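The values are calculated or read from the model by the stated rules, or taken from the named source; none is laboratory data. Small disclaimer: the values here were computed from a predicted structure and weren't measured. Here Cβ is always computed from backbone atoms with ideal geometry, including for glycine, and neighbour counts include all displayed protein chains. Each accessible area value is taken on the protein alone, full model and side chains, heavy atoms only, with ligands, DNA and RNA left out. Shrake-Rupley method; radii C 1.70, N 1.55, O 1.52, S 1.80 Å.
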Amino acid sequence: MSGPKTLFDKIWESHLVDQQDDGTCLVYIDRQLIHEITSAQAFDGLRESGRKARRPEANLCVPDHNVPTTPGRGGTDEIEDDASRIQLEVLEANAAEFGLPYISINDERQGIVHVIGPEQGFTQPGVTLVCGDSHTATHGAFGALAFGVGTSEVEHVLATQTLIQRPAKNMRITVTGSLPEGCTAKDLVLAIIGKIGTAGGTGHVIEYAGPAIEELSMEGRMTVCNMTIEAGARAGLVAPDEKTFEYLKGRPQCPKGAQWEMAVEQWRKLPTDVGATYDTEIQLDVSEIVPQVTWGTSPEDEIGITGVVPDPAQVSDANRRSAMERSLEYMDLKPGMKMTDIAVDKVFIGSCTNSRIEDMRAAAAVAKGHKVADSVYAMVVPGSGLVKMQAEEEGLDKIFEEAGFHWREPGCSMCLAMNGDMLQPGERSASTSNRNFEGRQGPGGRTHLVSPMMAAAAAIAGHLADVRDLIK
Amino acid sequence: MEKFTKLTAVAAPLPIVNCDTDKIIPARFLKTLTRTGLGKNLFDPLRYDPKTGEENPDFVLNKPAYRNSEILVAGHNFGCGSSREHAPWALLDFGIRCVISTDFADIFYNNSSKNGILLIKVSPEELEQLMEGAERGANATMTVDLESQEITNSDGEKIIFEVDSFKKHCLLNGLDDIGLTLKKESSISAYEKKQKASEPWLYA
Ligand code: SF4
């Protein structure tokens with residue numbers, strides 16, 4: 001294909017190893033992140049068939065989903081839950097057997113795969129990067145083609161350094177306007193998902209573009225790309241620019257010296273060519289949005305904090321109506337209730353969506369000088385050991401603790417209910433994570449997705465609250 | 001992987017829209033190290049009461065007529081959310097070999113075909129017919145024939161479906177992707193040689 005190309009086309013074409021007549025492609029995979037939940041069966045598969053890891057150094061293993069985040073947690077051997085401990089031990093043993101780099105939970109670099117990949121410079125513009133985790137889309141913030149895969153595909157990449165894929169369609173979402181006070185990258189992406197729906201991106205790779213995206217920090221871009229999967233798309237992308245290079249320069253796994261110059265020169269050629277076309281184009285102006293919050297059990301169920309719980313009876317589409325009715329029943333909410341009247345039991349600030357230093361700073365700025373409501377248990381879980389150290393250097397942990405938040409060790413924590421941090425049946429959270437699915441944070445638990453600032457505001461108020469009232 | 005050729009079985013109706021993989025198999029069951037044994041927790045949040053753990057008698061797979069279902073007729077955008085392959089493993093362990101819906105999430109689609117589960121996309125009208133067919137219970141079975149790409153509804157009506165030719169080939173023959181890819185080892189090596197020359201830092 002010649003002529004003007006999109007960022008996605010360029011990365012895709014430069015990674016084609018083979019193409020069959022029916023359009024099935026063999027795509028080269030440069031990088032793979034591996035965690036404990038989706039890898040054990042892949043290593044078993046390799047062993048059963050007597051295969052090796054083709055390029056061990058192209059992988060990076062770290063436990064994150066299933067690790068305790070209790071302050072002062074010890075090493076792997078001190079994990080009380082047998083199944084969790086064994087899963088970590090198995091990952092460590094598999095990494096050793098196949099010669100893959102491994103970061104243990106005692107290592108200050110440990111953290112959520114999608115936080116540590118960029119931190120270590122493992123994530124770079126123009127690469128193909130996969131992980132057995134749907135939020136791999138996060139790395140698209142660097143202009144990397146990054147997507148989640150299943151365990152069979154983890155094994156496929158380990159054995160062959162490739163994947164069998166079909167090309168995706170190109171979608172561009174152009175975001176204009178400046179984010180108003182009290183709104184963040186999280187509010188921006190929730191507004192996008194609300195607009196296009198959870199299946200709106202199916203079959204596409206979404207490129208986020210426009211002044212509002214350019215204005216975002218790398219952390220903000222990661223938050224946006226992270227939730228791409230919640231719009232059903234395969235991957236999200238932002239064109240690399242000076243901010244991207246600035247963030248990456250000097251990171252442990254990034255090229256140095258003359259190779260750095262060479263790499264940057266190539267990365268500058270990645271952005272979409274003038275005149276390239278997209279299969280789908282969407283525009284969104286964010287200058288008028290208000291802080292976003294979800295009311296239902298799908299990330300598309302979002303509304304401004306100033307709104308009320310919507311009424312399914314007003315919806316004509318029968319499928320949508322029944323989904324809404326089911327959501328409201330599960331969430332125990334009535335149409336017409338003010339969002340700010342919804343009381344919460346727990347507040348979770350963390351996850352690969354919102355656990356980076358900028359998120360910690362934003363939440364701390366709101367929390368400073370306030371107290372968490374008596375009825376609320378609030379936790380802050382940094383995304384990695386390095387984020388935690390940085391936050392502590394800045395005194396953010398003290399601000400949180402003085403306000404009554406619990407400051408914890410890095411991991412996925414209450415984003416998903418498998419590591420001890422979870423909701424009890426019927427409990428309700430304000431959470432900075434990415435999924436409000438039924439039972440996601442614990443069986444019978446109810447989740448409202450919000451930004452870190454909004455989560456801090458909810459913790460203080462004891463109910464969902466408009467952060468703009470606190471920061472005035 | 002087990003071949004998929006032709007299946008005649010009870011089909012369970014599951015008209016939930018956006019049924020996510022957390023619903024199919026919640027995270028707390030992902031501590032397993034094997035691909036088997038997840039069937040008892042398939043659709044756990046729907047199948048069991050979260051407080052008591054008792055079976056929910058209203059959930060379709062708990063009804064006597066549907067306990068042995070091998071086909072699911074599901075609502076739009078089935079399998080969205082997490083990439084966990086535990087979702088198809090749980091379906092398979094329960095005995096489901098085929099899911100029919102108007103749309104599937106991309107990763108779930110890939111994961112399923114790699115485990116010998118056939119996913120069939122149909123139009124909204126066809127889904128409605130099949131949903132009605134499935135609601136007739138254990139006395140009315142459906143037949144799915146991959147070779148001829150044809151579903152026979154419980155009333156004998158036939159529906160033709162599309163399927164990716166490569167996936168069809170792999171499913172019909174039970175082929176392992178990795179084995180197929182390794183036949184292209186020389187192309188992979190050639191690619192690596194070229195990339196190493198132009199982007200040496202990726203090989204540092
Ligand atoms: S933080 Fe949540 S979404 Fe992110 S990788 Fe961990 S479990 Fe998945």
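Taking all Cα pairs closer than 8 Å and separated by 6 or more residues, the relative contact order of chain A comes to 17 percent.
The residues of the range B:55-81 occluded by other protein chains by 30 Å² or more of accessible area, set against the chain on its own, are B:77, B:81; surface from heavy atoms, 1.4 Å probe. Surface composition of chain A: carbon plus sulfur atoms hold 48% of the accessible area, using a 1.4 angstrom probe and ignoring ligands, DNA and RNA. Spin-label pair residue A:195-residue B:187: with each label point 7 Å from Cα along the Cα-Cβ axis, the two points sit 3.9 nm from one another.
Stretching residue A:49 away from residue A:260 to a fully extended chain increases their span by 72.1 nm, per 0.36 nm per residue minus the current alpha-carbon distance. Pairs of Cα atoms nearer than 8 Å and 6+ residues apart set the relative contact order; for the range B:63-162 it is 23 percent. Remark on chain A: hydrodynamic radius 22.5 angstrom, per the Kirkwood mean of 1/r across alpha carbon pairs. Give me a single rounded figure for A:434-441: the average over its residues of other chain Cβ atoms within 10 Å of their Cβ. Across A:434-441, the average partner-chain Cβ count within 10 Å equals 6. Probe radius 1.4 Å, ligands and nucleic acids left out: can you give me the accessible area buried at the B-A interface, summed over both chains, in Å² to the nearest hundred? In total, this chain pair buries about 5400 Å². The tail of the calculated P(r) for the range A:65-183 beyond 24 Å holds 42 percent of all Cα-Cα pairs. Its DSSP H runs of at least 4 residues, each contributing -39,500 (n - 2.57), put the calculated 222 nm mean residue ellipticity of the protein assembly as shown at -9000 deg cm²/dmol, to the nearest 500. For the range A:294-358 versus the range B:23-100, the inter-centroid distance based on Cα atoms is 25 Å. Grouping the Cα pair distances of chain B into 10 Å bins from zero gives a pair-distance distribution of 9, 32, 32, 15, 8, 4, 0 percent in increasing distance order. Summary of packing: across the peptides A:129-136, A:294-301, B:190-197, the per-residue average of other C-beta atoms within 10 Å ranks them, highest first, as A:129-136, A:294-301, B:190-197. With the highest mean first, a sort of the peptides A:2-8, A:31-37 on other beta-carbon atoms found within 10 angstrom per residue produces A:31-37, A:2-8.
For the range A:140-155, accessible area lost to neighbouring protein chains reaches 20 Å² or more, against the chain alone with a 1.4 Å probe, at A:148, A:150, A:151, A:152, A:153, A:155.
Computed from Cα atoms alone, the Kirkwood hydrodynamic radius reported for the range B:64-128 is 11.9 Å. Couplings for the range A:283-290, taken from phi via the Karplus curve 6.51 cos²θ - 1.76 cosθ + 1.60 with θ = phi - 60°, read 10, 8, 9, 9, 5, 9, 6, 10 Hz in order; Gly and Pro are left as x. Stokes-Einstein, applied to the Kirkwood radius of the range A:296-379 over Cα pairs at a viscosity of 0.692 mPa s and 37 °C, places its translational diffusion at 216 µm² s⁻¹. Have a look at the DSSP beta bridges in chain A and tell me what percent are antiparallel, nearest 5. Of all bridge pairs located within chain A, approximately 25 percent are antiparallel.
Net length available on complete extension from residue A:283 to residue A:402 is 38.6 nm, with 0.36 nm assigned per residue and the Cα-Cα distance removed. Solvent-accessible surface of chain B, averaged per residue with a 1.4 angstrom probe and all protein chains in place: 41 square angstrom. The range A:150-215 to the range A:428-443: how many Å between their Cα centroids? First find each Cα centre; the distance between them is then 21 Å. For the range B:1-34, accessible area lost to neighbouring protein chains reaches 30 Å² or more, against the chain alone with a 1.4 Å probe, at B:17, B:18, B:20, B:22, B:23, B:27, B:28, B:30, B:31, B:33. Normalised by 2.2 N^0.38 Å, where N is the number of residues, the alpha-carbon radius of gyration of the range A:20-65 equals 1.42.
Rg and Dmax of the range B:94-204, based on Cα coordinates, read 19.8, 64 Å. Largest accessible area first, the residues B:114, A:243 order themselves as A:243, B:114 under a 1.4 Å probe with ligands, DNA and RNA left out. Note on residue A:243: lysines with a C-alpha under 22 Å away, same-chain residues under 8 apart excluded, are A:10, A:186, A:256, A:269. List the residues of the range A:233-256 whose backbone N lies under 18 Å from a point placed 7 Å from the Cα of residue A:214 along the Cα-to-Cβ direction. Only A:237-247 fall inside the zone, counting backbone N under 18 Å. Based on the Cβ-Cβ distance from residue B:203 to residue A:20, what FRET efficiency comes out when R0 is 22 Å, to the nearest 0.05? E(calc), rounded to 0.05, equals 0.20.
By how many degrees, between 0 and 90 and to the nearest 10, does the Cα long axis of helix B:185-198 differ from the longest principal axis of chain B? For B:185-198 against chain B, the angle is about 60 degrees.
Across the accessible surface of the range B:141-204, with the other protein chains kept in place and a 1.4 Å probe, carbon and sulfur atoms take up 52 percent. For chain B, the longest principal axis of the C-alpha atoms and the axis of helix B:124-134 are separated by about 50°.
Taking every lysine pair in the range B:53-193 that is 8 or more places apart or spans two chains, those with Cα atoms closer than 23 Å amount to 15. Between residue A:314 and residue A:166, the modelled labels are 3.9 nm apart [label points 7 Å from Cα along Cα→Cβ].
Taking all protein chains together and a 1.4 Å probe, the residues A:90, B:122 rank A:90, B:122 from largest to smallest accessible area. Other protein chain C-beta atoms within 10 Å of residue C-beta, averaged over A:126-136: 3. Counting only other chain Cβ atoms within 10 Å of each residue's Cβ, the peptide A:412-422 averages 2.
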